[in-house]
There are 4 protein chains.
Amino acid sequence: MIELVADRYGKAAIRLVRVARGPDGDTLRDLTVAIALEGDFAAAHTDGDNTNVIATDTMKNTAYAFAKSHLDGPLEAYGRALADHFLAAPQVDVATVNIKGHHWQHIAVGGQPAPDAFVRGGEGTRVATITGTHAGTTVEAGVEDVVVMKTTRSAFRGFPRDTYTTLAETDDRLMATKVTAIWRYGSPDLDFDAVFAAVRTTLLEVFADHESPSVQTSIWVMGKAILDRHDEVEQVRMVLPNLHHWLVDLRPFGLENDREIYTPTTEPHGLIEATVRRTEA
Amino acid sequence: MIELVADRYGKAAIRLVRVARGPDGDTLRDLTVAIALEGDFAAAHTDGDNTNVIATDTMKNTAYAFAKSHLDGPLEAYGRALADHFLAAPQVDVATVNIKGHHWQHIAVGGQPAPDAFVRGGEGTRVATITGTHAGTTVEAGVEDVVVMKTTRSAFRGFPRDTYTTLAETDDRLMATKVTAIWRYGSPDLDFDAVFAAVRTTLLEVFADHESPSVQTSIWVMGKAILDRHDEVEQVRMVLPNLHHWLVDLRPFGLENDREIYTPTTEPHGLIEATVRRTEA
Amino acid sequence: MIELVADRYGKAAIRLVRVARGPDGDTLRDLTVAIALEGDFAAAHTDGDNTNVIATDTMKNTAYAFAKSHLDGPLEAYGRALADHFLAAPQVDVATVNIKGHHWQHIAVGGQPAPDAFVRGGEGTRVATITGTHAGTTVEAGVEDVVVMKTTRSAFRGFPRDTYTTLAETDDRLMATKVTAIWRYGSPDLDFDAVFAAVRTTLLEVFADHESPSVQTSIWVMGKAILDRHDEVEQVRMVLPNLHHWLVDLRPFGLENDREIYTPTTEPHGLIEATVRRTEA
Amino acid sequence: MIELVADRYGKAAIRLVRVARGPDGDTLRDLTVAIALEGDFAAAHTDGDNTNVIATDTMKNTAYAFAKSHLDGPLEAYGRALADHFLAAPQVDVATVNIKGHHWQHIAVGGQPAPDAFVRGGEGTRVATITGTHAGTTVEAGVEDVVVMKTTRSAFRGFPRDTYTTLAETDDRLMATKVTAIWRYGSPDLDFDAVFAAVRTTLLEVFADHESPSVQTSIWVMGKAILDRHDEVEQVRMVLPNLHHWLVDLRPFGLENDREIYTPTTEPHGLIEATVRRTEA
């Protein structure tokens, strides 16, 4: 016997920009949205029966229409409206909405923000994932692609050595990483923008402040700080590549290199992931 | 209380090329390898204790060294040797080795393959993932980035219509997708190269042959065919973006467009995923 | 005084697919087109006067419409039709059409090509640039992104050594590159598909055959062979990155590495460019 | 006769990070450097004679060594030191050094910049190109990948209409672009950091302030303002893609869309380029 054991489908990479025009200037939202549904869709696979298959084109249209009507507040509220909408279809058991928010800021002209001109930039992307089921709604928020570096207070010592070990121990290496951090909120009703900003600040401040004996410890220290300082957060998952920066050997050129000139590399790279959670006890 | 609930780490994007030099010409292997370990690594996170932390640099070195000694056969055998090696360390519970094989072929000179010159190309990338645990070894194989298109015999009809539905029903659309298909073998000891080639052929032939009422059905039909024809395979997971090709409206220019001129798009795209499995019954 | 000294504009990244449906199966063309115009457009810059500015949206529409009417033959004929069309506008002095042709082939089913199913792939991209002026039309053709490798018969010796030189001389290195080769035809009326195929074969065969003392020599040898063997070609320009493959030091692991295990790198890379031309004499 | 008509070679994508460690905190420089040489290199092509061929590996080493000794000041001074160094070799006629500077800033902790922790970000990349010849040195500076948007005061009207024109005239479109702007200085000895910052500010302020009847005019207005306000600049070249944002038709869903919800696209895109220069008169 052959059976379908898991399936989901949806629309990804829905790009949209919303300009809210006001007397004091425009507000800009720039999003990439992905919507995925799970539920009673087996007949579409096994029988070619599309009766239950909400077209992914319809999902795209809904994302556009809801951007008009439901995007005055945080990403999470917009995502929740979309998730609730699709969950109202009887065939849907799980509706997942993932949103990336791209950062723009007003261009400064003579020190004042221009009301109608923007420059894209900033550090990393804000993300939110809203998962609606009939049992309730889960909201995750986080950041992607925040590239950070510690120029000191990072070590890596005491690791085991075998036939294939050539890495030297170091008390003072350069540590760089591109942070993906996703945290789960305990409630679907929060002041999401404020909490996001606060958690992001904690993440960056702790990254800057702590002494790192390994990327593993850095994840734990940052994750623990987020849970300690932000009651709204239940769990944090982090994925940290170790973007190695190798000290260049300048001795052949008669030069010393005391932790000064590095060559950054991307291949290969370490990859460290962990999830830290608040428990009941 | 705050606790670590999951963690793993390793080295990703290890690039290596192996040239096996023979009297009748060279053989070329070009791989990207990722190694990840799970096990007794909590102290590295919570106590900064690296006693158990096999350096990811050591993993890289091991991948290079084993390329010398264990890469005469299929990717899967090389991956298994690496997984077994790391699993032999007492702190390791799970060792996962993911390998991408990049395709090169001999350049033809006067119709004959040059012994020592190659051109990179082909359709998609071969992948293998070997997961070693103390309970046994699982081998998955598959392809990524195989871009295929059906120019006819693809329809999408009978889907529900609501306020946000504007998509027309169609009996004859162009269907294009970039296939990711990963299948799990029932045994870690197979003639992996032969089985891979056979499954890949089935995948492409069935894609070409079948009538598609939806991408969902296409996944089912391809997955089912793989399970029907290849006893070695227990399960197939496929992820198929729907790379929309929209018929261009040429009427303003006085031209008819009967399924002839399309504009391909990548944003947004449908995304359909499913897993099909052989069951005991 | 401030003056406009050069300007051009157009539409880039126009994506289109054409399916020619025939009794023996479909034929697929997949193109990315860019159109650029130069001419009497200064007033658009300096006076905001768009009287002469053919909208880039119109260029896109024209590319689609001409795909219907002018794409039965080679890329170059389609590009020339577009260039001639835009050159007919009195304000246009130069119309440049650049076309990339993406390769698809029929999927084989039971050894026979499926009439209506295709897989994308192949080695590199075919390109053509047609430049129309009132003085005449120039046609360039070529390839991009053809990744090739020689596993032997490549050396690099006899280069100068100074304070900053650490590279060892080598008689037998691995040479890999991603070829961009663009050749200019002497006539705008040729059997473009046949000549393209023949020149591409020469390029690959000579790459495979020659002994390389440097990438510089390789460019010369390939370019010269193209000019020697193909009278239709007047000039060849090549850009060859040197995609370094470094021999891995396996001695710490007790292993020899006689030109066997390499690590490919992309940063940094050499970059060698040259143009070779037929002269009157 | 076949001849070599142009050739150059060098090393590209040299990545380096310099950490200058000071009592008040570290300073971080993150560069991607490319070096290219022209001169008496024909024998390397035609005769396989490497006597004059400074190895690109040597160029890389020199870039690292000079990062130690010549990178206390602006990018341009470092680039000039490299160009002068290579120009001192008798076979070199032209030495071109292109530098991209990647932006990092100190992470704020409690409102104060951390001395030794940084986050990468900002808007666009700073670039500099130093071209040394025996006749003198030319310095160009600029920005790449600065993505900006005007949410109003951008129009496109009065363009010609033909058979293939379907674009409507508009008084109020959204204009977005990714600016590449490269300006040439009149002297190789300037306070490069200060001038760069001032020119960049002009570019952004004028983009924000002006009324745009076309991207063509925007280039002219920005280029002219840079030349008007900055005597150090002789010439400005700009390349502006027109990153179209299309107003979504929400009428099928019973919603109005008065310049509010847009879908951003990247394919196809307009591409407008022009050079504006100061003339003697």
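Right, A:Thr58: under 18 Å from A:Thr129 (Cβ atoms), part of a helix (DSSP H, G or I) and either over 17 Å from the mean Cα position of the chain (by Cα) or small (Gly, Ala, Ser) (or both) or not? Step through it out loud before you land on a result.
Values: under 18 Å from A:Thr129 (Cβ atoms): no; part of a helix (DSSP H, G or I): yes; either over 17 Å from the mean Cα position of the chain (by Cα) or small (Gly, Ala, Ser) (or both): yes.
Answer is no for this residue.
Restricting to the range A:155-166, and then to whatever is in contact with a Lys or Arg (Cβ under 9 Å, 6 or more places away or on another chain) and facing chain B (nearest Cβ under 8 Å), can you tell me which residue is farthest from A:Leu243 (Cα to Cα)?
Initially, the range A:155-166 is screened for residues in contact with a Lys or Arg (Cβ under 9 Å, 6 or more places away or on another chain), giving A:155-156, A:164.
If we keep only those that are facing chain B (nearest Cβ under 8 Å) too, we end up with A:156, A:164.
Details: A:Phe156: 14, A:Tyr164: 21 Å.
Filtering the range A:155-166 for residues that are in contact with a Lys or Arg (Cβ under 9 Å, 6 or more places away or on another chain) and facing chain B (nearest Cβ under 8 Å), the one farthest from A:Leu243 (Cα to Cα) comes out as A:Tyr164.
Kindly evaluate B:Asp228 against the criterion of being at pLDDT 95 or above, farther than 24 Å from B:Gly79 by Cβ and within 13 Å of chain C (Cβ to nearest Cβ). Outline the logic, then answer.
Working: at pLDDT 95 or above: yes; farther than 24 Å from B:Gly79 by Cβ: yes; within 13 Å of chain C (Cβ to nearest Cβ): no.
The answer is no for B:Asp228.
Enumerate the pairs (first residue in the range B:119-142 and within 30 Å of C:Val146 (Cα to Cα); second residue anywhere and modelled with pLDDT under 95 and not in a strand (DSSP E or B)) with beta-carbon separation below 7 Å, excluding pairs fewer than 6 apart on the same chain, so at least 6 apart or on different chains.
Matching pairs, first to second residue: B:Val119/C:Glu123; B:Arg120/C:Glu123; B:Gly121/C:Gly121; B:Gly121/C:Gly122; B:Gly121/C:Glu123; B:Gly122/C:Gly121; B:Glu123/C:Gly121.
For residues in the range C:249-281 being buried (at least 22 other Cβ atoms within 10 Å of the Cβ) and more than 7 Å from chain D (Cβ to nearest Cβ), which is farthest from the chain's Cα centre (by Cα)?
The extreme case among them is C:Ile261.
Yes or no: B:Asp49 at the interface with chain A (Cβ under 8 Å from one of its Cβ atoms), of a type in the set (D, E, K, R) and under 15 Å from B:Arg15 (Cβ atoms)? Spell out how you get there, then give the answer.
On the way: at the interface with chain A (Cβ under 8 Å from one of its Cβ atoms): yes; of a type in the set (D, E, K, R): yes; under 15 Å from B:Arg15 (Cβ atoms): no.
No, not satisfied.
Looking at D:Ala13, D:Ala20, D:Ala43, can you tell me which residue is more than 19 Å from the chain's Cα centre (by Cα), farther than 19 Å from D:Ala89 by Cβ and surrounded by fewer than 18 Cβ atoms within 10 Å (Cβ to Cβ)?
Numbers: D:Ala13 fails: more than 19 Å from the chain's Cα centre (by Cα); D:Ala43 fails: farther than 19 Å from D:Ala89 by Cβ.
Sole residue among the options that is more than 19 Å from the chain's Cα centre (by Cα), farther than 19 Å from D:Ala89 by Cβ and surrounded by fewer than 18 Cβ atoms within 10 Å (Cβ to Cβ): D:Ala20.
Out of all the residues in the range C:236-246, is one or more without any contact (Cβ under 8 Å) to a residue 40 or more places away in the chain and surrounded by fewer than 17 Cβ atoms within 10 Å (Cβ to Cβ)?
Yes, that holds for at least one residue.
Do you know which residues across the range B:132-161 are over 17 Å from A:Tyr9 (Cβ atoms) and surrounded by fewer than 17 Cβ atoms within 10 Å (Cβ to Cβ)? Working first, answer last.
Keep residues of the range B:132-161 that are over 17 Å from A:Tyr9 (Cβ atoms), which gives B:132-153, B:161.
B:Thr133, B:His134, B:Ala135, B:Gly136, B:Glu144, B:Asp145, B:Arg161 - these are the residues of the range B:132-161 that are over 17 Å from A:Tyr9 (Cβ atoms) and surrounded by fewer than 17 Cβ atoms within 10 Å (Cβ to Cβ).
Residue check: is A:Thr32 of a type outside the set (Asp, Glu), part of a strand (DSSP E or B) and farther than 21 Å from A:Ile130 by Cα? Explain how you work it out, then say what you get.
Values: of a type outside the set (Asp, Glu): yes; part of a strand (DSSP E or B): yes; farther than 21 Å from A:Ile130 by Cα: no.
No: the conditions fail for A:Thr32.
With respect to C:Arg237, is the statement that it is of a type in the set (Lys, Arg), touching a strand residue (DSSP E or B) at 6+ places or on another chain (Cβ under 7 Å) and closer than 17 Å to B:Val109 by Cβ true? Steps first, please.
Numbers: of a type in the set (Lys, Arg): yes; touching a strand residue (DSSP E or B) at 6+ places or on another chain (Cβ under 7 Å): yes; closer than 17 Å to B:Val109 by Cβ: no.
Spelling it out, it is not the case that C:Arg237 is of a type in the set (Lys, Arg), touching a strand residue (DSSP E or B) at 6+ places or on another chain (Cβ under 7 Å) and closer than 17 Å to B:Val109 by Cβ.
Identify, by number, the condition in (1) closer than 26 Å to B:Glu144 by Cβ; (2) out of contact with any Ser or Thr (no Cβ under 7 Å at 6 or more places or on another chain); (3) within 9 Å of chain A (Cβ to nearest Cβ) that B:Phe41 doesn't meet.
(1)
Among the numbered criteria (1) touching a strand residue (DSSP E or B) at 6+ places or on another chain (Cβ under 7 Å); (2) surrounded by 18 or more Cβ atoms within 10 Å (Cβ to Cβ); (3) more than 11 Å from chain D (Cβ to nearest Cβ), which single criterion is violated by A:Trp104?
Going through the list (1) touching a strand residue (DSSP E or B) at 6+ places or on another chain (Cβ under 7 Å); (2) surrounded by 18 or more Cβ atoms within 10 Å (Cβ to Cβ); (3) more than 11 Å from chain D (Cβ to nearest Cβ), A:Trp104 breaks only (3).
Filter the range B:65-96 down to the residues that are part of a loop (DSSP other than H, G, I, E, B) and within 14 Å of chain C (Cβ to nearest Cβ), then identify the one that is surrounded by the most Cβ atoms within 10 Å (Cβ to Cβ). Steps first, please.
To start, the set of residues in the range B:65-96 that are part of a loop (DSSP other than H, G, I, E, B) comprises B:70-74, B:88-91.
Now drop any that are not within 14 Å of chain C (Cβ to nearest Cβ), which leaves B:70-72.
Numbers: B:His70: 16, B:Leu71: 21, B:Asp72: 11.
That would be B:Leu71.
Can you list residue pairs whose Cβ atoms sit under 9 Å apart, with the first residue in the range D:198-219 being closer than 10 Å to A:Val109 by Cα and the second being assigned to a helix (DSSP H, G or I) and acidic (Asp, Glu)? Count only pairs 6 or more apart in sequence or on different chains.
D:Thr202/D:Asp228
Is it fair to say C:Val119 is facing chain B (nearest Cβ under 9 Å), surrounded by 22 or more Cβ atoms within 10 Å (Cβ to Cβ) and closer than 30 Å to B:Ile107 by Cβ? Let's see the steps before the verdict.
Working: facing chain B (nearest Cβ under 9 Å): yes; surrounded by 22 or more Cβ atoms within 10 Å (Cβ to Cβ): yes; closer than 30 Å to B:Ile107 by Cβ: yes.
When the stated conditions are applied, C:Val119 passes them.
Scan the range B:63-74 for residues that are of a type outside the set (Gly, Ala, Ser) and either free of Cβ contacts under 8 Å to residues at least 24 places away in the same chain or farther than 18 Å from A:Gly270 by Cα (or both) and jot them down. Lay out the reasoning, then the answer.
Our first condition is that a residue be of a type outside the set (Gly, Ala, Ser); within the range B:63-74, this holds for B:64, B:66, B:68, B:70-72, B:74.
B:Phe66, B:Lys68, B:His70, B:Leu71, B:Asp72, B:Pro74 - these are the residues of the range B:63-74 that are of a type outside the set (Gly, Ala, Ser) and either free of Cβ contacts under 8 Å to residues at least 24 places away in the same chain or farther than 18 Å from A:Gly270 by Cα (or both).
Scanning the range D:177-199 for residues that are crowded, with 21+ Cβ neighbours inside 10 Å and touching a Ser or Thr at 6+ places or on another chain (Cβ under 9 Å), which turns out farthest from A:Arg120 (Cα to Cα)?
Applying the filter and picking the extreme gives D:Tyr185.
Please tell me if B:Ala194 is part of a helix (DSSP H, G or I) and within 12 Å of chain C (Cβ to nearest Cβ). Talk me through it step by step, then tell me what you get.
On the way: part of a helix (DSSP H, G or I): yes; within 12 Å of chain C (Cβ to nearest Cβ): no.
In short, no.
Testing B:Met222 on (1) out of contact with any helix residue (DSSP H, G or I) (no Cβ under 6 Å at 6 or more places or on another chain); (2) in contact (Cβ under 8 Å) with a residue 24 or more places away in the chain; (3) more than 10 Å from every other protein chain (Cβ to nearest Cβ), one condition comes back false. Which one is that?
In the conditions (1) out of contact with any helix residue (DSSP H, G or I) (no Cβ under 6 Å at 6 or more places or on another chain); (2) in contact (Cβ under 8 Å) with a residue 24 or more places away in the chain; (3) more than 10 Å from every other protein chain (Cβ to nearest Cβ), B:Met222 misses (1) alone.
Taking D:Thr51 as meeting all but one of (1) surrounded by fewer than 22 Cβ atoms within 10 Å (Cβ to Cβ); (2) in a helix (DSSP H, G or I), write down the number of the exception.
(2)
In this structure, is A:Glu38 modelled with pLDDT of 95 or more and outside any helix (DSSP H, G or I)? Give the steps one after another, and end with the answer.
Working: modelled with pLDDT of 95 or more: yes; outside any helix (DSSP H, G or I): yes.
The answer is yes for A:Glu38.
Given D:Thr152, D:Thr180, which one is touching an Asp or Glu at 6+ places or on another chain (Cβ under 6 Å), more than 12 Å from chain C (Cβ to nearest Cβ) and in a loop (DSSP other than H, G, I, E, B)?
Values: D:Thr180 fails: in a loop (DSSP other than H, G, I, E, B).
When all the criteria are applied, what remains is D:Thr152.
Looking only at the range D:246-281, count every residue that is of a type in the set (S, T, N, Q) and part of a loop (DSSP other than H, G, I, E, B) and tell me the total. It would help to see each step written out before you state the result.
Within the range D:246-281, the subset of a type in the set (S, T, N, Q) is D:257, D:263, D:265-266, D:275, D:279.
From what's left, part of a loop (DSSP other than H, G, I, E, B): D:257, D:265-266, D:279.
Residues flagged as of a type in the set (S, T, N, Q) and part of a loop (DSSP other than H, G, I, E, B) within the range D:246-281 amount to 4.
Can you tell which of C:Gly39, C:Gly48 is without any contact (Cβ under 8 Å) to a residue 40 or more places away in the chain and on the phi > 0 side of the Ramachandran plot? Steps first, please.
Values: C:Gly39 fails: without any contact (Cβ under 8 Å) to a residue 40 or more places away in the chain.
Answer to the selection: C:Gly48.
Do we have any residue at all in the range A:200-209 that's part of a loop (DSSP other than H, G, I, E, B), modelled with pLDDT of 95 or more and surrounded by fewer than 21 Cβ atoms within 10 Å (Cβ to Cβ)?
Within the range A:200-209 (the criterion being part of a loop (DSSP other than H, G, I, E, B), modelled with pLDDT of 95 or more and surrounded by fewer than 21 Cβ atoms within 10 Å (Cβ to Cβ)), the answer is no, since none of the residues qualifies.
Please count how many residues of the range A:257-271 are in contact with an Asp or Glu (Cβ under 8 Å, 6 or more places away or on another chain) and touching a residue at least 12 places away in the same chain (Cβ under 8 Å).
4
The values are calculated or read from the model by the stated rules, or taken from the named source; none is laboratory data. These figures come from a predicted structure and were not determined experimentally. Glycine gets a Cβ as well: all are built from the backbone with ideal geometry, and neighbour counts include every protein chain shown.
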